[in-house]
Every structure is written in structure tokens, then in C-alpha cells.
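Just below is one structure, and these are the notes that go with it.
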Amino acid sequence: MDEPRPAVHGAKSAQRLLVGFFVRFMLLYAVLIMPWPAFVEGYADAYRYVMNGVARDLPLDHKIWLRPNPKAGAINDSQLMRGEGGSKAYAHPHSSRYPAYSTTAFLIALILATPTAWPHRLASLLWGLLILVQLLGLRMVITFLILDVDGPLPWQSAPPAKPTVFASPAGRASGSLWYVIATAIWALLMLRRLYTETIAARVKGG
């Protein structure tokens, strides 16, 4: 009876590697998402603090800031405010979890689950989070700038009755887009090393 060829063993080994990656990813993502209620307030406070600092540094005509949502337990844990306060202030529901925390947890799970050398994983984690935070910050800058406009925006025929980020393409963008962005960051940082360091080596070596 012929002995199984090394390439066949290598292909099966690569398959097991990929299955292990998906299992580790799902477990890590579940672990990162599950304890959310335990530290929701602390994360939301930190998120509002950073984003309010971003708003203060922008040349805005109106005062724009994030505040805690007075309604306890709401999915949108914050309110995006425009105005000087009081009855004339406009409040827009806002969440620190979607897409900021959920996308960050998704990227962390992807990178840590990838079977490459740990130094590469940790370095990629640092770069990946840096890129993602910059993109999330850019999203908020665009939101702040749009909310600051009084008249109609380029894609509008007339100004909205109230300033709203949903009047913009950025505001209407699906939260699932941020998972695509996180996956693209992971692929940029990890796929080449994953192939050369593990998959190709196993297929070739058997």
C-alpha cells in the first residue's frame, strides 16, 4: 500500500490550523464581548473624555460635546450635544460600543487568534489598534464638522429641521462596514506572515 504523500498530510495540517484559528477567534471575541456590562460605564467615560478632547481642538462655530445618556441602561450610552445647554441644546443618541468597542474587540480577537509568532502578533496588535483608533477618531471629526453646519450640506437640497449626523453619508453608514475595515487591517498586518510562516510551511513540509 502506498504511503500518503507529504503534500496530503501538509494540506490536512493547514486545514487543522485554519479550523483552530476560527475556533480561537470565536472564543476570544466572545470573552471580550461578554464582560461588557461590567465595565460599560468606565469605557463610555473614557470614550467621551477622548472624543470631547477632539471636539475642543476643532475650529467649530458651535459647542459640541458628548454627555452620558440620562436614560440608564440605554443601548446608546451617550448623547451627542450641540448648543450651549438648556432647552436649545440638541441631543443626538450616540453609542460608545458600536462601532468603537465592538470593532476594537473584533480586531483584537482576529490578531491574537492568528497562529504566527507572538512577537509578530503583539506588534501587529499595537499597529492595528493605532490604525483603528485613528479611523474611529476621523469618523468622529467628520461627525462633529457635519453637526456644526447650519445650512444645507452639498448632498442636501435644504437644511434639516435639526442638525443630525444621519443627514450625512457618514451617519448612515452601516456598523457592519467597521467589521470590514477591521478585517482589512488584520489582512494587511497578518496574512502574509500567516501564509509564509505557517500555512505554506505545513503544506510543503507535510
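The values are calculated or read from the model by the stated rules, or taken from the named source; none is laboratory data. All figures in this text were calculated on a predicted structure; none of them were measured in a lab. Positions of Cβ are backbone-derived with ideal geometry, glycine not excepted, and every protein chain shown enters the neighbour counts.
The table below lists the values:
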{"item": "Selection count, segment 20-67, where residues are within 17 Å of the chain's Cα centre (by Cα) and part of a helix (DSSP H, G or I)", "result": "17"}
{"item": "Tabulated pairs, segment 52-63, first acidic (D, E), second surrounded by 10 or more Cβ atoms within 10 Å (Cβ to Cβ) and assigned to a loop (DSSP other than H, G, I, E, B), C-beta under 6 angstrom, 6+ apart or interchain", "result": "D61/D148"}
{"item": "G20 being modelled with pLDDT under 85 and surrounded by fewer than 15 Cβ atoms within 10 Å (Cβ to Cβ)", "result": "no"}
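A quick yes/no check of all residues on (1) at pLDDT 70 or above; (2) in a loop (DSSP other than H, G, I, E, B); (3) in contact with a Pro (Cβ under 9 Å, 6 or more places away or on another chain):
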{"position": "A100", "(1), (2), (3)": "yes, no, no"}
{"position": "T104", "(1), (2), (3)": "yes, no, no"}
{"position": "H120", "(1), (2), (3)": "yes, no, no"}
{"position": "G151", "(1), (2), (3)": "no, yes, yes"}
{"position": "P154", "(1), (2), (3)": "no, yes, no"}
{"position": "K162", "(1), (2), (3)": "no, yes, no"}
{"position": "W186", "(1), (2), (3)": "yes, no, no"}
{"position": "R193", "(1), (2), (3)": "yes, no, no"}
{"position": "R202", "(1), (2), (3)": "no, no, no"}
